[in-house]
Amino acid sequence: MQNQKPIIVRLEDYRVADYLIDKTDLSFYLREQETWVQAKLHIRRNPEAGEGLPELALNGEQLDLLEVKLNGQLLPPAHYQVDEQFLRVQPQQEGFVLETKVRIYPHKNTALEGLYQSAAGSMYCTQCEAEGFRKITYYLDRPDVMSRFSVRITADKARYPLLLSNGNLIESGNGENNSEHFALWHDPFPKPCYLFALVAANLSCAEDQFITQSGRKVTLRIYAEPSYIEQVGHAMTSLKKAMRWDEEVYGREYDLDLFMIVAVDDFNMGAMENKGLNIFNTSCLLAHPQTATDAAFQRVEAVVAHEYFHNWSGNRVTCRDWFQLSLKEGFTVFRDAAFSADMNSPTVKRIDDVRLLRTQQFAEDAGPLAHPVRPSSYMEISNFYTLTVYEKGAEVVRMLHSLLGAETFRQGSDLYFARHDGQAVTCDDFVQAMQDASGQDLTQFKRWYSQAGTPQLAVRGEYLAEEKRYLLHFTQSCPPTAELADKQPFVIPVKLALLEQQGDELPLHLTGEREAQGTCRVIPITKAVQSVCFENISSEPVPSLLRGFSAPVKLDFAYSREQLCFLMQHDADGFNRVEAAQQLSLQVLQDLITQRQNGSPWQLDPLLIKALQRVLTDNRLEAAMVAEMLSLPSEAWLVERAEIANIEAIHHAREYARRHLADALHPLLRARYQQLRETSRNTPFAASAEHFARRALQNTALGYLMQTDDDQVLAACLEQFAQSDNLTERLAALVALVNSTHIQEREQALASFATQYQAYPLVMDGWLAVQASSPLYGTLEKVRELMRHAAFNLNNPNRARALIGSFCNQNLLQFHQADGSGYRFLADCVLQLDRLNPQTAARLLTPLTRFRKYDEKHQALMQSELARLQQAHLSKDVFELVSKSLG
Ligand code: PHE
Ligand code: ZN
């Protein structure tokens, strides 16, 4: 726990390191109650840092220092100083060898940062990003200090037969003590210490190989608990696809002879890209049809690729300092998204990503914790692994890609990797490479890195019939945020087309151009107010704007509902076609929300029913598109769209719409459902886009149908629950039952599910989440009860997120209860968890920081819980979020 005034770290204070560490030799002795770590650091004065020999301050926290040696000589305590954060030594030469010996206690490490035990002590593993290495040994724990690592691990042979670290295995054998053994690893690539990893465990291994484009053979190993090893096949396939893809699309080849992945149960995040030794949360690695949903299959593929891609975007070229986090994360998320799009349905992938961005990242950007893609200050860097740094950061790279075009972008990335290989660099360096490769001036574009907040882009169309011209008038603005009140205009690439009455795209001929250039173009909007004029337009078109969501902005164009129906039928851009359906649903839902708030009778615009009928009867429309178009905007998105969100009205309006649509579309939905379920029953499971789409539509249809009073539907739902061969169908049936009025069937299904999957914690997470997400009355009591269930364990972040996180994020109706009980519950959980695991506690807190969206009464209740937290003894992590939220 921290004092209440943590230090603020600022980008403007960045200085190069005074000393460098050329070589790092580590020895670990892993013993029951304690671990010894010996470090031998070959240190040299940094020639770029200036004259003289300043004091050397090595980071170190929660370490018992046993011994310090300088150039082989024991250093008496009077010659060094040690406090809670540093070990300080006064060097006498430019180059020297510093040795330390420390004692640490992995079995007591519940924060899951540094060296800790997972799976009830059956394994040791590490997590060092961002600043966990300092909890392992004294070091210059900053990413611009890169060193060659040799690591010797000694541990009990029987309990920990597997000893792993980065790079190549050099030597292994018996320890001094006969019950122990050792392994020596060497990583030839210099790396910052945040990429260090160690694992000691008793695991099974799946092995495969990959031949690189230049013909080198790479051994691939995925390690997991013996009971999990049957579930790693999909990850292995994904890894090989990712390796090939990175060669083909980016020209990036793997650089070691061995690539390892280890699955662990207890992990704060999704996974970690340690050089040659990725460590994964089981939730992002395991996938088997009976125990993983389609979403999990896709997550595994994406995260395996993401961590693999980091080998170049993150490891070979790393970050100069943590303010540049998006350099590696934004770029790598962009890369993994393009990979997933290539492997599956690009449209569905884009819709999923934009949904996350618009509901969660926009909320972050509009709340008290808003920060730029490249933040300029922090108290605790762990708090900046955010949707802004990751997802908005990826959008920024995506905009560069669309402004430059694929080919030039590739030249830019080649230049970036060639120029900075082996270096620790900045976001500016990345943009500079893109600028140098393209010849485009990207100075203004860089505002995306420094200005927070979501830009608004208002667009108005004007048709001049006599001149046969169509004008689009753009106005951009961006709300003030804490770090900057007055925003300068952004470069906003708007990808657009103009549709004539038949739905065909018109040639786009901008005034001043000699001729039309295609029918779909990216037009950069760079000014606060800007107009674009198109020639030879013989009747008023319908614009298809911001295709594929070409910029992370709030677009505002006053489409009529008829125009949205038209785009739903005709837009050639799959994303915008679904977007039109979503916008129409939004408008209709907003009517209902107003009706609910005014106490007037429900009136659902029949246009929506007609439009969805057309969707359900259009045989040419792919299942994935139908599923997306039928899905109503989530409550979270409705909150985001509201000035002040009335959760009660939002929830009931949406429920009314679901029921009403289910009744109106009943025969169509039922026919479609039966046909799809029939196919599912007769087709063996496959993790392919086509199968994902079928199950998505089938389950969407089932969700609607279960809103109607129809015994045959209930029977069908029970059949799907009992008979399907995969978790996606089974869980969807369970969700429908849990949210239904069929109490007996619900309880039975929950009980049988729990019996069937009690040995599968990740599946039980789904079971916890389904119950926590149910908007039915009494859920909070149920959640409290489930916290005492054997399937729950507050020490495990996946469990905490599944139960507490689902309740607070997915169950808006119950979380925002007017008596403040949901808020109090969350604050209590955060307090309890903060003592065990500050990082996960801080992440869990997020919903309480979103108070700006709610009315005064709710705001006051949320803020009073934050204030209560502020009175407590908090970690730096939670303290930063609470104090910034309260302003
Ligand atoms: N760098 C990891 C990733 O994106 C995320 C991570 C951060 C994991 C911090 C653990 C700790 O890919
Ligand atoms: Zn990453």
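The values are calculated or read from the model by the stated rules, or taken from the named source; none is laboratory data. As the structure is a prediction and not an experimental result, all values here were calculated from the model. Positions of Cβ are generated from backbone atoms using ideal geometry, with glycine treated the same way; all protein chains shown enter the neighbour counts.
Only one residue in F267, F309, F297 is buried (at least 24 other Cβ atoms within 10 Å of the Cβ) and more than 16 Å from ligand 2 (Cβ to nearest atom). Which one?
Values: F267 fails: more than 16 Å from ligand 2 (Cβ to nearest atom); F309 fails: more than 16 Å from ligand 2 (Cβ to nearest atom).
Testing whether each residue is buried (at least 24 other Cβ atoms within 10 Å of the Cβ) and more than 16 Å from ligand 2 (Cβ to nearest atom) leaves just F297.
Among the numbered criteria (1) in contact with a helix residue (DSSP H, G or I) (Cβ under 6 Å, 6 or more places away or on another chain); (2) within 27 Å of F362 (Cα to Cα); (3) buried (at least 23 other Cβ atoms within 10 Å of the Cβ), which one does Q859 miss?
So Q859 meets the others, but not (3).
Give the stretch 97-131 a look and list any residue that's more than 16 Å from ligand 1 (Cβ to nearest atom), polar (S, T, N, Q) and either surrounded by 23 or more Cβ atoms within 10 Å (Cβ to Cβ) or under 25 Å from D877 (Cβ atoms) (or both), or say none. Break it down stepwise before answering.
In the first step, residues of the stretch 97-131 are kept if they are more than 16 Å from ligand 1 (Cβ to nearest atom); the result is 97-108, 117, 119-124.
Restricting the remaining residues to those that are polar (S, T, N, Q) gives 100, 117, 122.
Answer for the stretch 97-131, where residues must be more than 16 Å from ligand 1 (Cβ to nearest atom), polar (S, T, N, Q) and either surrounded by 23 or more Cβ atoms within 10 Å (Cβ to Cβ) or under 25 Å from D877 (Cβ atoms) (or both): T100, Q117.
Can you pull out the helices (runs of 4 or more DSSP H) entirely within the stretch 381-455 that have at least 1 residues that are over 23 Å from the mean Cα position of the chain (by Cα) and either within 16 Å of ligand 1 (Cβ to nearest atom) or among the aromatic types (F, W, Y) (or both)?
Numbers: elements: 393-404, 406-420, 427-438, 447-450.
Answer list for the stretch 381-455: 406-420.
Name the pairs whose Cβ atoms lie under 6 Å apart, with the first residue in the stretch 312-333 and closer than 13 Å to N274 by Cα and β-branched (V, I, T), the second assigned to a loop (DSSP other than H, G, I, E, B) and away from ligand 2 (no atom under 12 Å from the Cβ), and 6 or more positions between them or separate chains?
Between residues of the stretch 312-333 that are closer than 13 Å to N274 by Cα and β-branched (V, I, T) and residues that are assigned to a loop (DSSP other than H, G, I, E, B) and away from ligand 2 (no atom under 12 Å from the Cβ), the close pairs are T318/P143; T318/P192.
Hey, does the stretch 353-373 have a residue that's within 16 Å of ligand 2 (Cβ to nearest atom), touching a residue at least 24 places away in the same chain (Cβ under 8 Å) and closer than 23 Å to R244 by Cβ?
Checking the stretch 353-373: at least one residue is within 16 Å of ligand 2 (Cβ to nearest atom), touching a residue at least 24 places away in the same chain (Cβ under 8 Å) and closer than 23 Å to R244 by Cβ.
Could you go through the stretch 554-573 and let me know if any residue there is of a type in the set (G, A, S) and touching a helix residue (DSSP H, G or I) at 6+ places or on another chain (Cβ under 6 Å).
Taking the stretch 554-573 as the starting set, the residues that turn out to be of a type in the set (G, A, S) are 558, 560, 572.
Going one step further and asking which of them are touching a helix residue (DSSP H, G or I) at 6+ places or on another chain (Cβ under 6 Å), we end up with none.
Among the residues of the stretch 554-573, not one is of a type in the set (G, A, S) and touching a helix residue (DSSP H, G or I) at 6+ places or on another chain (Cβ under 6 Å), which makes the answer no.
Would you pick out the residues in the stretch 648-688 that are of a type in the set (A, V, I, L, M, F, W, C) and outside any helix (DSSP H, G or I)? If you could, list the steps in order and put the result at the bottom.
Within the stretch 648-688, the subset of a type in the set (A, V, I, L, M, F, W, C) is 649-650, 653, 657, 661-662, 664-665, 668-669, 671, 676, 685-687.
Result: L665, F685, A686, A687.
Taking only pairs six or more apart or across chains, which ones have beta-carbon atoms under 7 Å, a first residue in the stretch 814-837 that is crowded, with 16+ Cβ neighbours inside 10 Å, and a second residue that is of a type in the set (K, R)?
A827/R868
Residues are listed down the side, and each one gets a yes or a no for (1) of a type outside the set (A, V, I, L, M, F, W, C); (2) in the same structural domain as P143 (by TED's automatic domain parsing); (3) in a loop (DSSP other than H, G, I, E, B):
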{"position": "N178", "(1), (2), (3)": "yes, yes, yes"}
{"position": "P188", "(1), (2), (3)": "yes, yes, no"}
{"position": "Y194", "(1), (2), (3)": "yes, yes, no"}
{"position": "G215", "(1), (2), (3)": "yes, no, yes"}
{"position": "L220", "(1), (2), (3)": "no, no, no"}
{"position": "A235", "(1), (2), (3)": "no, no, no"}
{"position": "F267", "(1), (2), (3)": "no, no, yes"}
{"position": "Q290", "(1), (2), (3)": "yes, no, yes"}
{"position": "A296", "(1), (2), (3)": "no, no, no"}
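Pick out the one residue from L203, L198, L162 that is closer than 28 Å to N59 by Cα and either out of contact with any His (no Cβ under 7 Å at 6 or more places or on another chain) or not polar (S, T, N, Q) (or both). Working first, answer last.
Values: L203 fails: closer than 28 Å to N59 by Cα; L162 fails: closer than 28 Å to N59 by Cα.
Checking each option against the conditions leaves just L198.
Would you say S283 is within 13 Å of ligand 2 (Cβ to nearest atom), modelled with pLDDT of 95 or more and outside any loop (DSSP other than H, G, I, E, B)? Talk me through it step by step, then tell me what you get.
Details: within 13 Å of ligand 2 (Cβ to nearest atom): no; modelled with pLDDT of 95 or more: yes; outside any loop (DSSP other than H, G, I, E, B): yes.
In short, no.
Test of understanding: among A736, A715, which residue is outside any loop (DSSP other than H, G, I, E, B), touching a Cys at 6+ places or on another chain (Cβ under 6 Å) and either without any contact (Cβ under 8 Å) to a residue 40 or more places away in the chain or not basic (K, R) (or both)? Don't jump to the end; show me each part of the working.
Numbers: A715 fails: touching a Cys at 6+ places or on another chain (Cβ under 6 Å).
On inspection, the qualifying residue turns out to be A736.
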